[in-house]
Amino acid sequence: MVALALLLGGGGFAAWKLDWFSGNGEAVTFGKNPPASPAAGTSDAGTPSAEAKPSGDPDVLMPTGPKSDFKQTAKLDDGTIIAKTRLTGAKSGFEGDVWVWAPKQYDDPKYAKSGFPVLIALPGGNGFPNNYWADTSLGLQKAITEGVKAGTSLPYIVIMPVLNPDAKYYYDGSDIPGQAKMGTWIAEDVPAFAKANFRTYKSRDGWAFMGSSSGAFVGMKTVLQHPDKFKAVIASGGEIVPDSPLWKGHQAEMDANNPEKLAQKLIDTKGPEVYINFQVGTKESGKDRMVKFQQSYGKGPVKMTIRDIQNGEHNGWHYVRGMKEGSLEWVSKVLKAPKPEGS
């Protein structure tokens, strides 16, 4: 193939050939079960009626629709696919790209009526226009696949949305007055998108975040802010308090998105329980902030652990290593596993 590409005209053609043979850009369908239409078991609000319920676990939520259009962006060695779609959030009004990956078990006929846990993976840095967790070189999806084989990870559906509306500012995954509603995008629209397209769980027992740097902050903040919807987060190398310059003049709104205040509120109201797993490399700074946060707020319903990644630096490769070394197993113990038919 390389020789043919060279003979027929240079790198552009070679890149096109690689995409053509790999299937990148082609339409992708996840799962064998089409989403239910409003006439076949969902209300106008998109909530499944009794007709749409699968047999077995009443917590399982079959795809509600409408179905998104996915295009392949990568194929892993095991044949699983990462695909991308464009989503306009019904509640936030924000339009952005979302990447998705489903494990091999999702297409296994034994799991055709099973819900799967969802891991919403948030990037650091600008978090726009791409989500770097969709890059297979970081190994997130492979780590999950290997963990499933080893019995140390659940087979997660991984949802990877853009984190910010542009590359100019951090928006702290929040609804900052006068700005794009990124808090609503992350906490409402992205989960609704997952429920529309995949077999998931109605309860928070099937929902968690993982993120690095600014994405770790957003994941932790969202779990503390919406403990009724999300149960756990793997927060790697993250900040503890909101720091977007766009908060200036909006102290009350910033406080409503401050993990310190959110954790204290959860402690004061006695629940529900949430689980925070900090990851930090021994070659990066920031552990002192995590320790202080744990000492102040790691009590009552706020369950916290801190995982040191030996010789780890502030990057995705080392954070995935930490997940393989224990954080994936940790989060898998507090979330709900899919049950094959007949189990």
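What follows is calculated from the coordinates using simple rules that are stated; it is not laboratory data. Quantities reported herein were computed from a predicted structural model and do not represent experimental measurements. In this analysis, Cβ positions are derived from the backbone assuming ideal geometry, glycine residues included, and neighbour counts consider all displayed protein chains.
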### Summary
Exactly one of A263, A252 is more than 19 Å from G215 (Cα to Cα), out of contact with any Pro (no Cβ under 7 Å at 6 or more places or on another chain) and among the aliphatic types (A, V, I, L, M), and that one is A252
#### Entry: Scope segment 257-273; condition free of Cβ contacts under 8 Å to residues at least 60 places away in the same chain and within 23 Å of K168 (Cα to Cα); matching residues
N258
### Query
On the given criteria, is I186 surrounded by 24 or more Cβ atoms within 10 Å (Cβ to Cβ), among the aliphatic types (A, V, I, L, M) and outside any helix (DSSP H, G or I)?
no
### Task
Look at segment 81-111 and say how many of its residues are crowded, with 20+ Cβ neighbours inside 10 Å and within 12 Å of P155 (Cβ to Cβ).
5
### Task
Mind listing just one residue for me: the one in segment 144-164 that is assigned to a loop (DSSP other than H, G, I, E, B) and in contact (Cβ under 8 Å) with a residue 12 or more places away in the chain and, of those, surrounded by the fewest Cβ atoms within 10 Å (Cβ to Cβ)?
T152
